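What follows is a short report on a single structure.
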Amino acid sequence: MLDVEAARRGLASQPFSRLLGARLTEFGDGAATLELDVREELEQQNGYLHGGVLAYAADNALTFAAGTVLGPELLTAGFTIDYLRPAVGATLRARAVVVQAGRSRATCRCEVYTVDGSGAVTLCAAAQGSARLAPGRQVPSRDEPHENPFTRKENPGQAAPRAGLESAGPVHRSAEPDGRGAPRGDRPPG
């Protein structure tokens, strides 16, 4: 698995994380903490830290927490965030923990805080999400032949005609009086 230095190198390799000045302050044992300094460029029009910055911090903290149990080759599968109060402070801190992990996916929770100059901590957002192992670097397109991982048989791709459908022609729908757009069968459009 990853150690904290390898995880920090991974964070440093993300151009957007470098732009925000994010740093990994905790990593291991199913948890990760990401921090960044609050600055004017990251605020929205009312002087609060922009919600997109909070979402970034939650997303990355969730994925790094998952990386403590799954390794480095991860992608966020999805996450939700609830903004609890406006974010004001000197530092933004996102701490995520793994709540369940399988062989290829981990679900995590994250709390996003601000820390003011005196060290007072304020909870600003709560998030939950999951990360999954990244597929191979190249995922076959629908039009390229590839092996179906479930049947281990060659899939000819979608570009090849599908048996029985190539001569069926399009199904036309019309606005029937009932508004359901019932199929018109063999009648020509018009």
Yeah, the range 1-135 with a ≥ b ≥ c from its alpha-carbon gyration tensor (a/c under 1.5 is rounded, else prolate when a/b outruns b/c, oblate otherwise) is prolate
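Where does each of 11-17, 62-68 land if you order them by average Cβ count within 10 Å, highest first? Before the final figure, lay out each step's value.
Details: 11-17: 12.4, 62-68: 27.7.
For the peptides 11-17, 62-68, the packing ranking is 62-68, 11-17.
Give the shape of the range 1-77 as rounded, prolate or oblate, defined through the alpha-carbon gyration tensor: a ≥ b ≥ c are the square roots of its eigenvalues, a/c under 1.5 means rounded, and otherwise the shape is prolate if a/b is larger than b/c and oblate if not.
Values: a/c = 2.37, a/b = 2.04, b/c = 1.16.
In terms of gyration-tensor shape, prolate.
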For ALA126 and ARG18, extending 7 Å from Cα along the Cα-Cβ vector and measuring point to point gives, in nm, a value of 3.7
Counting only protein heavy atoms and rolling a 1.4 Å probe, one gets per residue an accessible area for the range 1-146 in Å² of 55
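The values are calculated or read from the model by the stated rules, or taken from the named source; none is laboratory data. Keep in mind that this is a model prediction, so the values were computed, not measured. Every residue, glycine among them, receives a Cβ derived from its backbone with ideal geometry; neighbour counts consider all protein chains shown. The protein model used for the area step is the full one, side chains on, heavy atoms only, and it has no ligands, DNA or RNA in it. Shrake-Rupley method; radii C 1.70, N 1.55, O 1.52, S 1.80 Å.
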